[in-house]
1. Any idea how far apart LYS151 and ASP108 come out in nm if each label point goes 7 Å out from Cα toward Cβ?
2. Which shape class, rounded, prolate or oblate, goes with the stretch 377-449 when its Cα gyration tensor gives a ≥ b ≥ c as root eigenvalues, a/c under 1.5 marks rounded, and past that a/b bigger than b/c marks prolate?
3. Run the numbers for VAL278 and ASP404: contour at 0.36 nm per residue of separation, minus the present Cα-Cα distance, in nm.
4. Which values, in whole Å and largest first, are the semi-axes of the equivalent ellipsoid of the chain obtained as the square root of 5 times each eigenvalue of the Cα gyration tensor?
5. Going toward the positive end of the dipole of the chain, with +1 on Lys and Arg Cβ and -1 on Asp and Glu Cβ, which of GLN160, LEU5, GLY181 do you reach last?
6. If you stretched the chain out fully between THR45 and LYS254, how much longer would it get, using 0.36 nm times the residue separation minus the C-alpha to C-alpha distance?
7. With all protein chains present, calculate the accessible area of LYS41 using a 1.4 Å probe and round the result to the nearest 10 Å².
8. The stretch 1-46 to the stretch 55-128: how many Å between their Cα centroids?
Amino acid sequence: MHMQLLHNDRVLIYDRTDFGLSNLTLPNRRCRHESSEKVVKTDCTAHSVEYDVTSNTFRALFVQTDLWCSSGSAIANGSLIQTGGYLGGERRVRIFNPCPTCDWEEIDGGIVVKRWYSTNHMLPNGRQIIIGGRQQFNYEFYPKTAADLGKTFVLPFLVQTFDAIDMDDNLYPFVFLNVDGNLFIFANHRAILFNYQKYQVVRTYPTIPGGDPRCYPSTGSAVLLPLKNLQAPSVEAEVLICGGAPKGSYEQAKEGTFIKGLDTCARIKITDPKSQWVMETMPGSRVMSDIVMLPNGNVLLINGAFEGTAGWNLGQNPVLSPFLYKTNGKVGSRFELQNPTTIPRMYHSTAILLRDGRVLVGGSNPHVGYNFTNVFFPTELRLESFSPSYLEPRFSNERPSIVDRAPQSQIKINYAQKLKVRFRVTGILAQDSVSVTMLAPPFTTHSFSMNQRLLIFEPNNLKAVGKSMYQVEVTTPPSAILAPRGFYLLFVVHHDIPSQGIWVQIM
């Protein structure tokens, strides 16, 4: 249900605790004793694991309270800050610090109000903003300061986009830090630019054409497209929102009628004073899909269903083929069908990019409990990886490899810094087709990847420094508004073929 790639190349994976027992026993005879649980009040099984991609092994982790439909984001030191959940977990803050023996730490009352289906985003000052949630038309910050201790701040936009008939449709709102320091917030079918420091709406964007909802439970997906020309006086920013469900689909699905999901994407340049949505048609409809930003700036849509909505047993007809969206392609020809999986990934599925360029896919449990038999879509325990076409052997001569840094090294960088990167290409290098990109690995749940952000650096002084060896110089982002402090994956991209990433930390 929830995944986050950590800067030690481990993936933090976790599920709700109120399904009942899992198949993985906690070590050292450790048990949860939680009186608020409805099913099992004493539970000695794990509901969170740390997955080692390289060795294909996992380590059981201990969570005390229910983190069902919660939210989170990695902070500057690489720890994951995880907030909210269900019942006893609604006001919890959970912290996971990546280390070989670390486990979850929990802070009771770490957030002011109950947060369930909310959205978190990193801010330039190193804090997180936590927006919305079930019956929460407000936001708050973490960690707290003396000025906001015990406080929430009303966000009328969440009241305006609330739809009681369709089970809210403004949960897990899509939130992105804009290049001017304000927040782009999309809920239901509307969007605003919000100054969280002055508590005011800066502008209201046009309603998305068609007026159909895109947030939970209609559950489309959204992504901030790559940020480029980072040293320019003004940087442009665009948002892409894909899929979802027509208005009324949630109520219809509860009655057994599954309406075809939306087959459109809407793209908008949020920095344009006269911005308008540009509509594009996908190869098919999608609801409950994940959007994964790839290192070369293209976008992968994966998982989900053709019909219905998010919710228990409310989706039908799984979408098995991912779509590739070419960000810089021409309107009308940006989509490509990719090789299908054989595993349906329905409600409560996730997908994240790994450092080697593959996409890790897991989850699918559209049932109230674990259910493995006599259902269309059994609870799915298998992980799989999707390999984008850039990993095919035919591109091996064009694929860069960063050679002057160990793959597991974590380079510390500053803002507006000159950074030299050496790489190898065994084939002929096309000098005008080299770039360097930097990705913030997101926290992913319920078809939205919080804090997902890709920056593209323009190369300078690209030169040969040996046989098949090259060096490129880039200038790191000028401020925390473009790239909040923290860990990023840095890639060299040649002809749209990325290297494996290396970890860098903006200090």
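1. 2.7
2. The shape class here is oblate.
3. On the way: separation 126, 0.36 × 126 = 45.36 nm, distance 4.23 nm.
Roughly 41.1 nm would be gained on extension.
4. The answer is 33, 26, 24 Å, longest axis first.
5. Final value for the positive-end residue is GLY181.
6. Value of the extension gain: 72.0 nm.
7. 110
8. Using only Cα atoms to place each centre, the spacing works out to 13 Å.
The values are calculated or read from the model by the stated rules, or taken from the named source; none is laboratory data. Remember, predicted model here, so these are calculated numbers, not experimental data. Don't worry about glycine lacking a Cβ; one is built from the backbone with ideal geometry, like all the others, and counts go over all protein chains shown. Each accessible area value is taken on the protein alone, full model and side chains, heavy atoms only, with ligands, DNA and RNA left out. Shrake-Rupley method; radii C 1.70, N 1.55, O 1.52, S 1.80 Å.
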